[in-house]
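Report on the following structure.
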Amino acid sequence: MQFNELFEAIDRTTSTKAKVEALVRYFRSAQDEDLLWSIYLLMGKSSGRFIKTAVLRQAAISLSRLPSWLFEECYHVVGDLAETLSLCLPPPLHTSSFTLTETMAFLNHLKTLSADESEIAISAKWMETPTDQRFLFNKLITGNFRMGVSKQLVIKALAAAHKKSENEIAHRLMGNWHPSDIGLQQLLLAEIPREERSFEPYPFYLAYQLDKEPEALGEVNEWFIERKYDGIRGQIIVRNKRLYIWSRGEDLLTDKFPEFHLLADLLPNGTVIDGEILPYSEGRVLPFAIMQTRIGRKQLSKKILSEAPLVMICYDLLEYNGEDIRDFPMKQRRRLLEELLQALPANVPLLISKTLVCETWTDVAKAREEARQYQCEGVMLKRKQSTYGTGRRKGSWWKWKIDPYTIDGVLIYGQRGHGRRANLYTDYTFAVWDGDELVPFAKAYSGLSDKEILEVDTWIKRHTVDKFGPVRSVTPTLVFELAFEGISASPRHKSGIALRFPRIARWRRDKAAKEANTKADLLDLLNTR
Amino acid sequence: MLTFNDKGIYCSQASVYIDPWMPVEKAIVTHAHADHARPGSKHYLCHRDSANLLKLRLGSQTSIQSLEYGEEINLNGVKVSLHPAGHIIGSAQIRLSYKGQIWVVSGDYKLKADGISIPFEPIKCHHFITESTFGLPIYRFPELDEFNKDILHWIDENRHNNINSILVGYTLGKAQRIIETVGISGLPIYAHGAIANVQQLLIDDGHPLRSVERASLDMKKLAAPYIVIMPPSALHSPWMKKFAPYEVAYCSGWMQLRGARRRRNVNRGFILSDHADWSELNLAVTATEAENIYVTHGYKSIYAKWLREHYHLNAIEVDTLYEDDLLLQEDSDNAIQ
């Protein structure tokens, strides 16, 4: 089975079972090198950029003899560059087949070429790639490769194909590895002594949003109730006197957090702590936005470090004295964590995530309501007897987020969407009233059903006032309730505010445009926050 | 000679509208799809093969005059004739000629043979009104052979797995093409009521089409594998459950785009269109030798710009009511129910 056949098999089904079966078939039949590359790609490891998209576009425009404006219009309708390229290219001259490894070698070679050379190379390659394989090839070049299978499914299929536990596979596939530096034996198959892999984090255990009444969870005293912090989920690891900090996205972020570097000497060897990294000063959690200003930077000046001081709010202990204790009950892990933190000097930026005292579920609900005062998003419910799982599993850990803010806005602009929504007006801009004027305050892309999307799309097309490229302004008529998690002042926006995670809660068909909220209502939310 | 107003395309000399979307006195209808043949007008003129389809849609009492392809009538000095458009059975381009000026309204059309409708015939004219449903170079539709091969292969796979094959396509046009193709497999074919009605009407009209069973009987008693043909409006409806176990495939020109297929939440899409693709549009427009091109429903502004820049034609976009809601029509399938 070749990689493109796997891609096709997965693309043609929505059944999870069929997808896993296709993966297992591929993992059992693929050549070792191809297998390594496929795992690398399926696990979403970035291979970086192989070629500038401007060069890709230029090559496709030359080959297809289309004017560049027409190519751009096509791109806008299709919504995906790789797909647009595939659809615009002329048929191949003669076709050859390439293994995944050969394709990846070609792509890595592209990196070493000048723009002109790479345009020639990519054009030649396209003209010998079969039409039905060009899309996959283009997906690999453009770097944003996705196949409709989650990492979890890949791990499941690999575990089934190689008769290993899913936990072990997940553990082995984390971290920095590259198909050109490692063999299949070493990556997946051979037994590896723990000390050689001291940088390895554990797979994170993720909570589901609570989807029922909390009373359904049983006795409240069987649960730890903690605040749900809004930061970067991370693992702090100290092994062999070395410190590693991993984010949930499996990025090794050790260098980004110099304030934690002293931990290498302070934490005992063989310690792994799970928690939330966030900005904190004088006993208070600061808004997430403060940390964002320093995350992207390469150089961290003293000024930045003092303006956005970070701590980790610790809530779990996964490894203790070199022993994997994820199978211990949460209650026991937490006691060990508390002991560990108490033994540290006072200036260490590690805080315990306090458990809240709640006698009844009503108390828990009250704690949830108060979350915003603490820059939190709600509460976490963790069963005291629970072990530390892998991935997102229902049952022992729940997040119970606070209801979002809501405001009614008037639809004023529509823009064509991408991918699944290509060709439809699905990206909306909403406004609130400022006297007689409508001031845009939020963009939202999600929240409507497919049927509503079609309806709004038709409405937009029939009520267009003006067109600016892909954007249409419409007569202000439709009202939508928008939900969002946070609000902050922003001089960059016309409305003076910026929202966090805005989305459409529902279509207010019962409301006329005049009945939408006002800028003053938004400012009230900002001030009473 | 022709103008575009809020009721449709109007010829004042002949006092007649072409595909009006509001009730008028006299309407010439290019073909029997709902967005072109709207109810409420007093008199209709259409091709002979569209007459009974129109009656099915608009009522048996509807006043309909029909013509053969190439037959000419005179409406107050305007010579009017109908010519094959290759879109569906009975679809026609309308040619109007007055004082040496010739206009052609193409309605919907395609150039590729579908094995059922009379193929498109290019007509020389001065003014050509074209659709642009698939007026972008990304649309490049396969030939009938390729479609047949792919769909029969898919049915074979399903048959091998003892699974029923459900094919989704427009009631008038696509459904007949799909039935002709899947009939090759030799499996029994059951059709949704709307499709069965149209199929029977066309067979009674003398078209050599395969007959199908109505899918209204108790399907659970039937042993898999068989084939079901249904319109898009029945997709994801509870009605489908009785055909389990099944695989569904959607047949449409929109299936060229992955996004369009995923939006319909079907696993397979087969590219099958009754509209012209990019190169067919360009062929058709240039074959008319017309200097003035009016681009209607579809990617009209983009396609008009292309015609101006590439072929140096006097091309403009024209608003029609059926503009832009192609996707909706496709989905709600208000063709003939």
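The values are calculated or read from the model by the stated rules, or taken from the named source; none is laboratory data. These figures come from a predicted structure and were not determined experimentally. Because the Cβ atoms are built from the backbone with ideal geometry, glycine has one as well, and the counts that use them run over all protein chains shown. SASA here: full protein model, heavy atoms, side chains in, ligands and nucleic acids out. Shrake-Rupley method; radii C 1.70, N 1.55, O 1.52, S 1.80 Å.
Hey, for a label at residue A:515 modelled as a point 7 Å past Cα toward Cβ, could you say which residues of the range A:388-420 have their backbone N under 14 Å away?
Correct set: A:408-410.
In Å², what does the accessible area per residue of the protein assembly as shown work out to with a 1.4 Å probe?
Heavy-atom SASA per residue in the protein assembly as shown reads 43 Å².
So, by mean Cβ neighbours within 10 angstrom, what's the order for A:80-88, B:229-237, B:311-319 with the highest one leading?
A:80-88, B:229-237, B:311-319
Using a 1.4 Å probe over the heavy atoms of the protein chains, calculate the carbon and sulfur portion of the accessible area of the range A:415-513 as a whole percent. Please report the intermediate quantities before stating the final value.
On the way: 2390 of 4630 Å².
With neighbouring chains kept in place, the figure for the range A:415-513 is 52 percent.
Please compute the modelled spin-label separation between residue B:316 and residue A:524, points set 7 Å along Cα→Cβ, answer in nm with one decimal.
Those two pseudo-labels are separated by 5.1 nm.
Per the 1.4 Å probe, what fraction of the accessible area of the range A:2-141, in percent, lies on carbon and sulfur atoms?
50 percent
Using only Cα atoms, figure out Rg for chain B and give it as a multiple of 2.2 N^0.38 Å.
The reported ratio for this selection is 1.00.
In the range A:70-115, what residues drop by 20 Å² or more in accessible surface going from the chain by itself to the full protein assembly, probe 1.4 Å?
So the qualifying set is A:70, A:73, A:74, A:77, A:78, A:83, A:87.
State the Cα centre-to-centre distance between the range B:43-72 and the range A:339-353 in whole Å.
86 Å
How big is the range B:144-270 on each of its three principal axes, counting only the C-alpha atoms and giving the largest first in Å?
Result for the range B:144-270: principal-axis Cα extents of 39, 32, 26 Å.
If ligands, DNA and RNA are left out, what is the accessible area of residue B:204 with a 1.4 Å probe, given in Å² to the nearest 10?
Number for this one is 110 Å².
Quick check: Cα centre of the range A:287-338 to Cα centre of the range A:360-411, how many Å?
That distance is 20 Å.
Among A:263-273, A:59-69, A:208-218, what's the highest-first ranking by average C-beta atoms within 10 angstrom per residue?
A:263-273, A:59-69, A:208-218
Taking the Cβ-Cβ separation of residue A:455 and residue B:161 as r and a Förster radius of 60 Å, what is the calculated FRET efficiency to the nearest 0.05?
Numbers: r = 37 Å, r/R0 = 0.62.
E between residue A:455 and residue B:161, to the nearest 0.05, is 0.95.
Just how many pairs of Lys in the range A:2-141 have C-alpha atoms closer than 27 Å, counting pairs that are eight or more places apart or on different chains?
Summing the qualifying lysine pairs gives 13.
Quick one: length gained pulling residue A:146 to residue A:5 fully straight, 0.36 nm per residue minus the C-alpha distance? Write out the running numbers ahead of the final one.
Working: separation 141, 0.36 × 141 = 50.76 nm, distance 1.49 nm.
Between residue A:146 and residue A:5, full extension yields 49.3 nm more.
Among the lysines, which have Cα under 19 Å from the Cα of residue A:303 when same-chain residues fewer than 8 positions away are ignored?
Correct list for residue A:303: A:256.
Please list the equivalent ellipsoid semi-axes of the range A:2-141, computed as the square roots of five times the alpha-carbon gyration tensor eigenvalues, in descending order and whole angstrom.
27, 18, 14
For the range A:226-336, report the convex hull volume of the alpha-carbon atoms normalised per residue, in Å³, without decimals.
Dividing the Cα hull volume of the range A:226-336 by its residues yields 118 Å³.
Above 19 angstrom, tally the Cα pairs of the range A:405-528 and express them as a % of all pairs, no decimals. Could you put the intermediate results ahead of the total?
Working: 3312 of 7626 pairs.
In whole percent, the long-distance tail amounts to 43.
With a cut-off of at most 11 other beta carbons within 10 Å, and DSSP calling the residue loop, which trypsin sites (Lys or Arg not before Pro) in the range B:84-168 qualify? Please list them.
B:99
Can you compute log10 of I(q)/I(0) for chain A with the Debye formula, treating each Cα as one identical point scatterer, at q = 0.06, 0.09, 0.11, 0.13 Å⁻¹?
Taking Cα atoms of chain A as identical point scatterers yields -0.37, -0.87, -1.27, -1.48.
Which order do you get for A:468, A:135, A:71 if you rank them by accessible area with a 1.4 Å probe, largest at the top?
Final ranking, largest accessible area leading: A:468, A:135, A:71.
Between residue B:201 and residue B:292, with labels modelled 7 Å along Cα→Cβ, what's the label distance in nm to one decimal, could you check?
3.6 nm
Mind jotting down the distance between the C-alpha centroids of the range B:160-187 and the range A:1-67, whole Å?
For the range A:1-67 versus the range B:160-187, the Cα centre distance is 31 Å.
Just grab the label-to-label distance for residue A:269 and residue A:253, each label 7 Å out from Cα along the Cβ direction, in nm (one decimal).
The two pseudo-label positions are separated by 2.8 nm.
Show me A:33-39, A:307-313 ranked by packing, highest mean number of other Cβ atoms within 10 Å first.
Values: A:33-39: 22.6, A:307-313: 20.1.
Output ranking for A:33-39, A:307-313: A:33-39, A:307-313.
Which of the residue pairs B:26/B:55; A:156/A:394; A:302/A:354; A:156/B:241; A:163/A:384 have a Cα-Cα distance greater than 25 Å in the structure shown?
In this structure, A:302/A:354; A:156/B:241; A:163/A:384 lie more than 25 Å apart at Cα.
Interface B/A, total buried accessible area with a 1.4 Å probe, nearest 100 Å²?
2800 Å²
What do you get for Rg/Rh over the range A:275-383 if you use C-alpha atoms and the Kirkwood form of Rh? Walk me through the intermediate numbers first.
Numbers: Rg = 16.2 Å, Rh = 16.1 Å.
Rg/Rh for the range A:275-383 comes to 1.01.
Hey, can you list the residues from the range B:263-307 whose accessible area shrinks by 30 Å² or more with all protein chains present, relative to the chain by itself (probe 1.4 Å, no ligands or nucleic acids)?
Output list: B:263, B:267, B:268, B:299, B:302, B:305, B:306.
Near residue A:401, which lysines are there with a Cα under 16 Å away, not counting those fewer than 8 places off in the same chain?
A:212, A:228, A:366, A:382
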